[in-house]
Amino acid sequence: MGPRETGGRSRPGRRAVLGAGGLAALAAGAAVLTTADARTPGDDREAAAGGAVAFHGPHQAGILTRRQYHAHLAALDLAAPAGAPGAGAGAGTGAGRAGAAALLRTWSAAAARMTRGEPPVDGGADTGVALGAGPAALTVTFGLGPGFFDRAGLTAARPEALAPLPAFPDDELDPARGGGDLFVQVAADDPLVAVHALRTLQRLARGAASTRWVMSGFTRSAGGTHRNLMGQLDGTANPAPATDPAQRARILVTGSGSGVPGWLEGGSYVVVRRIRMLLDHWEGLPAQHREQAVGRRVADGAPLTGGAERTPADLDAARPDGVPVIAANAHIRLAAPRSNAGATMLRRGWSYYDGLRPDGTPDAGLLFVAWQADPRTGFIPVQHRLARGDALARYVVHEASALFVVPRGAAEGEYVGQALLEA
């Protein structure tokens, strides 16, 4: 299959020069593919491999903590109250505000126990899937979609930033794998611990919420930058919230007393995108072409302007003939904060490989997970910029998209979202 050929049709699109070599790539929309450095610090609940990450704290675990080896991302829809339009037979007792609170209370208690390596319900029956595995650095993170506020009777409390993401050029989104009332990110160093936690939450939600979609991913290393399925080192330019308060403020919501509700103070917003990589085409390209499309060397991740992996890219560098060393449509140039009025996201993504599609091409790519204090000044402007010329766009397809608001963390004895649901 050639680049951007889907469903038997070709999408050649616009082309742009990739530097002095005259290599060309399509200039269309793509999200940031350089996801989080697994070494990203910034959370006082860090754990060594296999250790425990505390569930309780001022912000939820799984945002600033290091990326684990295995992850499951899931969205669920709250059940409509019995008798409500569209509820239908078998809708259960429904959700509403009380039902939503009961679910998040139950989930939070189970998550706190599982992150300590304990059975999810005190004295309750358990499948034993994760028995003896320990905490495995498990984190469980909960988010709320726009529909949650309607189902819970809290429409007036829905934040303005939780508005539908705009349509971006060349998106091919599957509605069945986007949206949702509730978001769950489960990540752990042990695959059985991760899937056990997800299955537990799904089981505890029966009658109150049904699973809308699940996406599962992996990474090779939790101790440094890793290569994605395109072979590129991932996460080199991710922010470091532990050492830069300004960057931290662009990831976690701050501003108590200035219109930010207490339930969101210390929370965040998360954008989730499923980005399929057209690997059959990408893997046949010369290394020089792949490097110019990204703006970094394949071998060590260093910018094409020289140095080592973490040497800042010199976006002003030019060859003697005046052509920029890092092409005008190179991914790292268009995604850089400098190119987007300082827009910053903390990107924690996982690769996925789901076998082959009906046409025989790989169903593989990146689960892009980006955290920010406000998507209107984070993901959205960056994606609009990329949509005007990212060289990688020819080799990826955006297939799923969702946005959730993530409440602040829960203190001991509290549950996530309690300040919102019991206000």
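None of the figures in this text is laboratory data; all of them are computed from the coordinates on show. None of these values were measured; they are calculated from a predicted model. Heads up, the Cβs are rebuilt from the backbone with ideal geometry, glycines too, and the neighbour counts pull from every protein chain shown.
Laid out as a table, the results:
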| item | result |
| --- | --- |
| 258, 210, 401, 351 arranged by Cβ crowding within 10 Å, fewest neighbours leading | 258, 210, 351, 401 |
| Within-11-Å neighbourhood charge of residue 68 [Cβ basis; K, R +1; D, E -1] | +1 |
| Segment 117-158 - convex hull of alpha carbons, volume per residue in Å³ | 128 |
| Net charge of neighbours whose Cβ lies under 12 Å from the Cβ of residue 113, counting Lys and Arg as +1 and Asp and Glu as -1 | -2 |
| Principal axes of segment 290-333: Cα extent on each, largest first, Å | 26, 18, 14 |
| Order of 168, 142 - criterion: other Cβ atoms within 10 Å of each residue's Cβ, fewest first | 168, 142 |
| Size of electric dipole in segment 257-339: Cβ of Lys, Arg +1 and of Asp, Glu -1, about Cα centre, debye, nearest 20 | 180 |
| J(HN,Hα) series, segment 105-121, from Karplus relation 6.51 cos²θ - 1.76 cosθ + 1.60, nearest Hz, glycine and proline x | 5, 5, 4, 4, 5, 5, 5, 4, 5, 5, 5, 8, x, 9, x, x, 10 |
| Point-charge dipole on Cβ atoms (K/R +1, D/E -1) for segment 149-223, about Cα centre, debye to 20 | 460 |
| Rg to Rh, two decimals, where segment 274-386 supplies the alpha carbon set and Rh follows Kirkwood | 1.00 |
| Exposure proxy order (Cβ contacts within 10 Å, fewest to most) of 371, 282 | 282, 371 |
| Cβ-Cβ FRET estimate between residue 176 and residue 283, R0 fixed at 51 Å, reported to 0.05 | 0.95 |
| Kirkwood Rh, angstrom, segment 200-353 [1 / mean 1/r, Cα pairs] | 18.6 |
| Convex hull volume of segment 372-423 per residue (C-alpha atoms, cubic angstrom) | 117 |
| Cα centroid separation - segment 101-149 against segment 331-384, whole Å | 28 |
| Proximal charge balance of residue 324 [Cβ under 12 Å; K/R count +1, D/E count -1] | -1 |
| Unit charges at the beta carbon, dipole of segment 242-347: most positive-side option, 268, 317, 335 | 268 |
